[in-house]
Amino acid sequence: MNHPLLSKKELIEAGYPYGKAIEGIPLGDPKTEFLRTKPDYIVYQPKNLSRGDTGNEHFLVFPNKNETKLFALWLQSTREGSGDECIVLAQSNDGHLWSEPRVLLKTVPGVQRVRWGVPFVTKSGRIYILYRKDTQETAKTNMAGIFSDDDGETWSEPSEIPFPKTPWDPEGVLVNWVAFQVPVRDAFGNYILGITVSTSDRYKPYPPTWFWNDTHAMLMRFTNMDEDPACENIQFTLFPTQGISVPNPVFSGYDSCQEPSVVCLPDGRLFVLMRTLMGSPYYSLISADGQNCTEPLPLRYRDGSPVLHPLSPCPVYALADGRYVMLNHNNPGKIGDFDQLKPEKRFNTANYIRNPTYISFGTFSPQNPQGIEFDSPVLFADTEDIAVGPKATAESCTYTSLTCFGGETVLWYPDRKFYLLGKKLF
């Protein structure tokens with residue numbers, strides 16, 4: 001697709017006509033920048049810079065039970081972390097024409113903060129959305145849910161869902177958890193969802209930057225979703241019991257293992273891929289029953305070379321043809337002066353090391369200790385290090401989803417956490 005967009009060099013030489021994120025990182029024209037990554041589908045573009053819809057992330061697209069329509073669920077705000085988040089839902093019959101997003105759940109300052117909605121579709125067609133709900137410190141849980149029995153037309157009132165303790169939250173402190181992907185079915189038909197759990201500062205003081213927080217990966221196995229329970233009766237277990245941990249190379253005694261992405265292998269094992277500070281994503285294989293977990297190790301390509309990736313989502317998806325596809329940024333967390341091991345206070349380093357985005361296709365290999373062998377990476381999307389939006393980030397394809405719908409396999413992605421787009425894989 002040809003488009004009349006100025007290059008990074010041209011924007012700088014023109015004197016940053018749309019502004020600058022920092023020196024050397026220009027802002028682009030928000031009216032046309034959605035074309036930069038060459039999308040095939042446009043789900044959402046912010047209406048204007050004062051509307052409060054200019055932060056769009058955690059973009060989860062999924063079909064209904066009969067695969068007659070697609071839903072798009074995401075977190076919308078003025079900008080990431082602004083404290084005015086809403087969980088919104090749009091729908092489409094073909095992936096090309098999308099409804100205006102409908103606010104399902106809304107942050108109310110001083111009352112509740114809602115974030116990170118995750119969809120589940122049961123065998124009956126009921127749609128659940130489970131989400132993080134933060135209220136006062138004396139709350140008994142910070143997980144809640146709603147459901148719809150009529151394909152998203154009407155929704156139940158929110159209900160709180162008990163959340164078990166983990167090794168990293170002392171008595172009286174709620175679990176600091178984050179989910180980021182559409183859950184997958186395991187070999188027993190149960191839904192599996194990966195989460196990040198952050199250690200309470202009562203156990204370990206917070207480091208100077210969020211990059212270095214003590215974090216661990218866990219999985220949630222939902223055991224009664226297909227019985228269509230009331231939200232407060234949803235049953236799940238957390239595993240592995242002690243989580244999955246990878247050492248933090250900067251802050252001694254801390255771990256950094258986040259945002260587990262999960263696929264179920266043909267032999268029933270769960271392949272789990274996680275972001276780290278080690279310059280590569282780490283993988284672990286968990287037995288079908290969840291009782292055995294391999295030591296997390298750096299992921300490698302089929303030829304043995306390491307997969308390079310910063311502290312950024314590194315999702316993996318199962319394709320309808322039996323293959324797998326993985327996204328990564330093909331850098332170890334350092335690009336020029338931007339270094340995740342030496343982040344600067346004057347800007348968010350993550351905004352400039354999470355681009356471009358590459359894809360790698362993989363095949364199941366029971367002889368390979370990884371379980372999946374991935375081919376060399378191919379460029380998928382590039383913002384050309386041009387930022388956009390109130391967050392002024394140049395990152396590409398963070399917090400994505402994938403659908404096989406209507407004969408098309410599409411990767412859905414937030415572009416700079418501003419636009420919501422899709423690109424056809426085949």
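The values are calculated or read from the model by the stated rules, or taken from the named source; none is laboratory data. All values reported here derive from a predicted model rather than from experimental measurement. No Cβ is skipped: glycine too gets one built from the backbone with ideal geometry, and neighbour counts run over all protein chains shown. Heads up: the accessible areas ignore ligands, DNA and RNA and are worked out on the full protein's heavy atoms, side chains in. Shrake-Rupley method; radii C 1.70, N 1.55, O 1.52, S 1.80 Å.
Each semi-axis of the equivalent ellipsoid for region 376-426 is √(5λ) with λ an eigenvalue of the Cα gyration tensor; in descending order they amount to 23, 13, 7 Å. Normalised by 2.2 N^0.38 Å, where N is the number of residues, the alpha-carbon radius of gyration of region 250-409 equals 1.07.
Using a Förster distance of 45 Å, how high is the FRET efficiency between K65 and E23, based on the Cβ-Cβ distance and rounded to 0.05? Provide the component values of the computation, followed by the final result.
On the way: r = 51 Å, r/R0 = 1.14.
Given R0 = 45 Å and the Cβ-Cβ separation, E is 0.30.
Between F188 and E227, the simple spin-label model (points 7 angstrom out along Cα→Cβ) gives 1.3 nm.
Computed from phi, the 3J(HN,Hα) profile of region 261-267 under the Karplus parametrisation 6.51, -1.76, 1.60 (θ = phi - 60°) reads 10, 10, 9, 9, 7, x, 8 Hz, with x in place of Gly and Pro.
Between T32 and F426, what FRET efficiency comes out of the Förster formula 1/(1 + (r/R0)^6) with R0 = 30 Å and r the beta carbon distance, rounded to 0.05? It would help to have the intermediate numbers written out before the result.
Details: r = 27 Å, r/R0 = 0.91.
Computed FRET efficiency for F426 and T32: 0.65.
Quick check: convex hull of the Cα atoms in region 66-194, volume per residue, rounded to a whole Å³?
Numbers: hull volume 17.3 nm³, N = 129.
Considering the Cα atoms of region 66-194, their hull volume per residue is 134 Å³.
Cross-linked pairs K65/K133; K20/K345; K165/K204; K38/K424; K106/K133; K8/K31: Cα-Cα separations exceed 19 Å for K65/K133. Roughly speaking, what % of Cα-Cα pairs in region 205-290 are separated by over 14 Å, rounded to a whole number? Everything past 14 Å amounts to 68 percent. D by Stokes-Einstein for the chain, Kirkwood Rh over Cα pairs, 4 °C, 1.567 mPa s: 59 µm²/s. Roughly to the nearest percent, how much of the accessible area of region 1-89 is carbon and sulfur, given a 1.4 Å probe? Looking at region 1-89 in its full context, I get 49 percent from C and S. On the principal axes of its alpha-carbon atoms, region 1-101 has extents of 52, 36, 18 Å, going from largest to smallest.
I'm checking a number: the convex hull volume of the Cα atoms of region 154-303, normalised per residue, in Å³. What is it? Working shown, then result.
Numbers: hull volume 21.7 nm³, N = 150.
Expressed per residue, the convex hull around the Cα atoms of region 154-303 is 145 Å³.
Two decimals is fine: what's Rg over Rh for region 345-393, C-alpha atoms, Kirkwood radius as Rh? Present the calculation step by step, with values, prior to reporting the outcome.
Numbers: Rg = 16.2 Å, Rh = 13.4 Å.
Dividing the radius of gyration by the Kirkwood radius yields 1.21.
Taking all protein chains as they are arranged and a probe of 1.4 Å, the heavy atoms of R185 leave approximately 80 Å² accessible to solvent. Here the spin labels are modelled as points 7 Å beyond Cα on the Cα-Cβ line, and at E13 and K204 they lie 4.8 nm apart.
Backbone geometry of region 87-101 corresponds, through the Karplus equation with coefficients 6.51, -1.76 and 1.60 at θ = phi - 60°, to 3J(HN,Hα) couplings of 9, 10, 9, 10, 9, 8, 8, 9, x, 9, 9, 10, 5, 5, x Hz, x marking Gly and Pro. Each residue of region 411-424 is assigned a 3J(HN,Hα), and the resulting list reads 9, 9, 8, x, 9, 6, 6, 10, 9, 10, 9, x, 9, 6 Hz, derived from the Karplus form 6.51 cos²θ - 1.76 cosθ + 1.60 (θ = phi - 60°), x at Gly and Pro.
Working ranking of peptides 257-269, 223-235 by packing, defined as the average number of other Cβ atoms within 10 Å per residue, highest first, is 257-269, 223-235. Surface exposure of region 1-129, expressed per residue as accessible area with a 1.4 Å probe, stands at 46 Å².
Which whole-number value in Å² is the accessible area per residue of region 242-345, probe 1.4 Å?
Values: 4020 Å² over 104 residues.
Heavy-atom accessible area per residue stands at 39 Å².
Rolling a 1.4 Å probe across the protein heavy atoms gives region 170-231 an accessible surface of 38 Å² per residue. The C-alpha radius of gyration of region 340-426, expressed as a fraction of 2.2 N^0.38 Å, stands at 1.32. For K417, K47, the ranking by accessible surface with the largest value first comes to K47, K417, using a 1.4 Å probe. Over region 105-181, the fraction of Cα-Cα pairs per 10 Å bin, rounded to whole percents and listed from the shortest bin up, is 18, 46, 28, 8, 0. Per-residue ellipticity at 222 nm from helix content only, as computed over the chain with -39500 (n - 2.57) for each DSSP H run of at least four residues, stands at -500 deg cm²/dmol.
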